[in-house]
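To keep things clear, I will list the structure first and then write my remarks on it.
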Amino acid sequence: MEQKQQEAVIEAILFAMGNSVELDKLAEVLGEEKEAVRRTIGKMKERWEKEGRGLVIAEFEDSFQMCTRGEMYEYLVRVAKTPRKYVLTDSLMETLSIIAYKQPVTRLDVERIRGVNSDHAVNRLIELELVMELGRMDAPGRPLLFGTTEQFLRSFGVKSLEELPRLNEGKMEEFKQEAEEEAELQLKV
């Protein structure tokens, strides 16, 4: 299959699917090696950028998705009138951070770290499609395991979890000490 036809097939698949499509699947459909398909997508991305098109191809780990260029958002708002926008409260951000850095993690683990019931926060993050159930832990009661979604990566503008900021170990010890002191104060009351 010639280059232009490959690009047309990739463009059609990414547009029609709406969500991301794995590199393996694209390579299989095109009958090409994964790296050849990755190069083709790279050329498409460069050309679209150079041409200033309204769409971009975003990469999430080993998947690709056609997305609207960020600078076009204001025009989409004018058409949509009420864009889907949500605000993450401090408790949601705290819960999401724990899940992102500790995944796969159980709800009980999240609650141990936060020190409060996290049912509402986890359920809300699932509703917002930032967190999903990953399966069950092989332990008594078989608790659910949670992790972040591709929507999480998109929302925070990262390709993979490896791009998340590294936790400062010194700061972690400071947080741990503060939490222990708070727990001691609560026990005295």
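The values are calculated or read from the model by the stated rules, or taken from the named source; none is laboratory data. Please read these numbers as outputs of a predicted model, since none were measured by experiment. For neighbour counting, all protein chains shown are included, and Cβ atoms are generated from backbone atoms with ideal geometry for every residue, glycine included.
Here is a yes/no grid of residues against (1) closer than 27 Å to Thr149 by Cβ; (2) touching a strand residue (DSSP E or B) at 6+ places or on another chain (Cβ under 7 Å); (3) free of Cβ contacts under 8 Å to residues at least 60 places away in the same chain; (4) outside any helix (DSSP H, G or I):
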residue: Gln5; (1), (2), (3), (4): no, no, yes, no
residue: Ile10; (1), (2), (3), (4): yes, no, yes, no
residue: Glu46; (1), (2), (3), (4): no, no, yes, no
residue: Phe64; (1), (2), (3), (4): yes, yes, yes, yes
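Tell me, yes or no, whether the range 57-65 has at least one residue that is over 25 Å from Leu134 (Cβ atoms), touching a Cys at 6+ places or on another chain (Cβ under 8 Å) and among the aliphatic types (A, V, I, L, M). Break it down into steps so the answer makes sense when it comes.
Filtering the range 57-65 down to residues over 25 Å from Leu134 (Cβ atoms) leaves 57.
Remaining after also requiring touching a Cys at 6+ places or on another chain (Cβ under 8 Å): 57.
If we keep only those that are among the aliphatic types (A, V, I, L, M) as well, we get 57.
Yes, some residue in the range 57-65 is over 25 Å from Leu134 (Cβ atoms), touching a Cys at 6+ places or on another chain (Cβ under 8 Å) and among the aliphatic types (A, V, I, L, M).
Return the total of residues in the range 76-92 being surrounded by fewer than 13 Cβ atoms within 10 Å (Cβ to Cβ), in a helix (DSSP H, G or I) and modelled with pLDDT of 85 or more.
1
Looking for whichever is modelled with pLDDT of 90 or more, not in a helix (DSSP H, G or I) and not hydrophobic (A, V, I, L, M, F, W, C) here; the options are Gly42, Gly135. Which one fits?
Working: Gly42 fails: not in a helix (DSSP H, G or I).
The unique qualifying residue is Gly135.
What is the residue count in the range 13-44 for residues that are among the small types (Gly, Ala, Ser) and either exposed (fewer than 11 other Cβ atoms within 10 Å of the Cβ) or outside the structural domain of Leu55 (by TED's automatic domain parsing) (or both)? Full working, then the answer.
Looking only at the range 13-44, we keep the residues that are among the small types (Gly, Ala, Ser), and these are 16, 18, 20, 27, 31, 36, 42.
So of that shortlist, the ones also either exposed (fewer than 11 other Cβ atoms within 10 Å of the Cβ) or outside the structural domain of Leu55 (by TED's automatic domain parsing) (or both) come out as 16, 18, 31.
Of the residues in that region, 3 qualify.
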